[in-house]
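Before any comments, here is the structure.
The values are calculated or read from the model by the stated rules, or taken from the named source; none is laboratory data. These numbers come from a predicted model, not from an experiment. All Cβ positions, even for glycine, are placed from backbone atoms using ideal geometry, and neighbour counts span all protein chains on display.
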Amino acid sequence: MKTRKSLGTLLITSASLFIASSVNAQEAGPNDYADASTWLCRPGQQDACAVDLSTTVVGADGSLSVEGWSSDPSAPIDCFYVYPTVSTDQNTNSDMTPDAAELRVIEQQFARFASVCRPYAPSYRQITLAGLMARFSGGDARDLAQGLAYNDVKDAFEHYLEYDNDGRGFVLIGHSQGSYILTRLIHDEIEGHLVQDKMISAFLLGSTVTVAAGQDTGGSFEDIPLCRSASQTGCVITYVSFRSTAPPPQNTLFGQTLDPALSAACTNPAALGGGNSDTHAYLSSGGATIAGQRRASPWVSSGAAIETPFVSVPGLLSAECTSNEHATYLEITVHGDPSDDRVDDIVGDITPQWGLHLVDVNVAMGDLVGICLLYTSPSPRDRG
């Protein structure tokens, strides 16, 4: 058997190291994932995935049309989602009672996948925003230990495999903290195990996944490659997004590695084979992100009201994987045109080192859902 690299050497930013490992020192027992209340989304429940995702398509000429949405309870594949750091609980780790932020992130990042797969999203005792900021600001880490957030997700995934999977193929979806946890889960529990054959793909977004320099494997995972076409399965789609006008600075939190033998991975879901392509974004019509409400300009110059919770903006955004001297990343170009009738920019920035982290998923949501739809066609990808 090959000697595998320690995952700790692969998660190189302070954000990822903290997110993947820090938990309350107080020992906590396992959750009972047979209890429906421990799931934010699970087929057959009226839950956080049962939301209105109707969308207004905003053309460059200011035209408006409404796109409906519905779930598919009979979808042939499953999606298992782990959400990012959003809990507003004041402890280092969240409790198991979802707050408004945890419900909002499901709406923004995951519920739309229910049109193409059966949705599973466990609640877990994640590192909270308060816990994350305490570590970033040099707070006392003596009350932190390892394992709680990861162990919850691992327990939920094992429960899903035993009681819900029924031999079906699954897509793993995570963002930020959720992606780091899923990276470890794949590394420790999936790669090289029988369950790997059921993993159709993994979308590890808003985190740094590494590969051997110039290769598609050999970093975070030994043999699981990056996805380079929509027909490829058993692979990983990963990126961190930054504006073309605000590339990653030297102190970026994402897209870099300290090991010169490794490089940060990037796959463009709008063009898995490489190059630049328009993205199919789904953005909050009211300017909401996973961090809450942001001020947004009217979507059309006429100020016409948008009645749907989401908008789609064909041709406004394009993406391409690229690198600068600091990081490898998905470069998002906003093609605002002051002479047309549509808005010229989007929200989603935090600070330069975070990039467009708040809308990492939104800027390519339609592309990611479209890839999952391809997985449902009769082919070897349909593992059910």
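For the structure I just gave you, tell me whether Ala319 is not β-branched (Val, Ile, Thr) and not in a loop (DSSP other than H, G, I, E, B). For Ala319, the condition - not β-branched (Val, Ile, Thr) and not in a loop (DSSP other than H, G, I, E, B) - is met.
At least 1 residues that are of a type outside the set (A, V, I, L, M) and surrounded by fewer than 16 Cβ atoms within 10 Å (Cβ to Cβ) in each: list the strands (runs of 3 or more DSSP E) lying fully within the stretch 144-222 that qualify.
On the way: elements: 144-146, 170-175, 199-205, 210-212.
Where strands (runs of 3 or more DSSP E) fall fully within the stretch 144-222 and carry at least 1 residues being of a type outside the set (A, V, I, L, M) and surrounded by fewer than 16 Cβ atoms within 10 Å (Cβ to Cβ), they are 144-146.
State all residues of the stretch 280-312 that are in a loop (DSSP other than H, G, I, E, B) and in contact with an Asp or Glu (Cβ under 6 Å, 6 or more places away or on another chain); if no residue qualifies, say none. Scanning the stretch 280-312 gives His280, Ser301, Pro309. Within 30 Å of Ser297 (Cα to Cα) and out of contact with any Ser or Thr (no Cβ under 7 Å at 6 or more places or on another chain): does that describe Leu205? It is false that Leu205 is within 30 Å of Ser297 (Cα to Cα) and out of contact with any Ser or Thr (no Cβ under 7 Å at 6 or more places or on another chain).
Applying a threshold of 8 Å to beta carbon distances and a minimum spacing of six or more residues, or different chains, the list of pairs starting in the stretch 82-93 at a residue that is at negative phi and ending at one that is of a type in the set (Phe, Trp, Tyr) and crowded, with 24+ Cβ neighbours inside 10 Å reads Val82/Tyr124; Tyr83/Phe110. Of the residues in the stretch 117-129, at least one is out of contact with any strand residue (DSSP E or B) (no Cβ under 9 Å at 6 or more places or on another chain), surrounded by 17 or more Cβ atoms within 10 Å (Cβ to Cβ) and in contact (Cβ under 8 Å) with a residue 24 or more places away in the chain. Inside the stretch 118-176, residues that are in contact with a helix residue (DSSP H, G or I) (Cβ under 7 Å, 6 or more places away or on another chain) and at pLDDT below 80 make up a count of 3. Being surrounded by 19 or more Cβ atoms within 10 Å (Cβ to Cβ) and either under 28 Å from Ala265 (Cα atoms) or over 19 Å from the mean Cα position of the chain (by Cα) (or both) is a property that holds for Gly348. Among residues of the stretch 244-261 that are among the β-branched types (Val, Ile, Thr), those with a Cβ under 6 angstrom from a residue that is assigned to a loop (DSSP other than H, G, I, E, B), sequence gap 6+ or separate chain, pair up as Thr252/His326; Thr252/Ala327; Thr252/Gln353; Thr257/Ile12.
Put simply, of Ala264, Ala296 the only residue that is within 17 Å of Ile346 (Cβ to Cβ), buried (at least 18 other Cβ atoms within 10 Å of the Cβ) and small (Gly, Ala, Ser) is Ala296.
Being of a type in the set (Asp, Glu), modelled with pLDDT of 95 or more and surrounded by 22 or more Cβ atoms within 10 Å (Cβ to Cβ) is a property that Glu331 has.
None of Ser87, Ser70 is modelled with pLDDT of 95 or more, in contact with a helix residue (DSSP H, G or I) (Cβ under 7 Å, 6 or more places away or on another chain) and assigned to a loop (DSSP other than H, G, I, E, B) except Ser70.
For Asp47, the conditions (1) part of a strand (DSSP E or B); (2) in contact with a Cys (Cβ under 6 Å, 6 or more places away or on another chain); (3) of a type outside the set (Lys, Arg) are fulfilled apart from (1). Listed by first and then second residue, the pairs linking a residue in the stretch 44-55 that is more than 21 Å from Asn362 (Cβ to Cβ) to a residue that is surrounded by fewer than 18 Cβ atoms within 10 Å (Cβ to Cβ) and at pLDDT 95 or above, with Cβ atoms under 7 Å apart and 6 or more places separating them unless they lie on different chains, are Gln45/Ala36.
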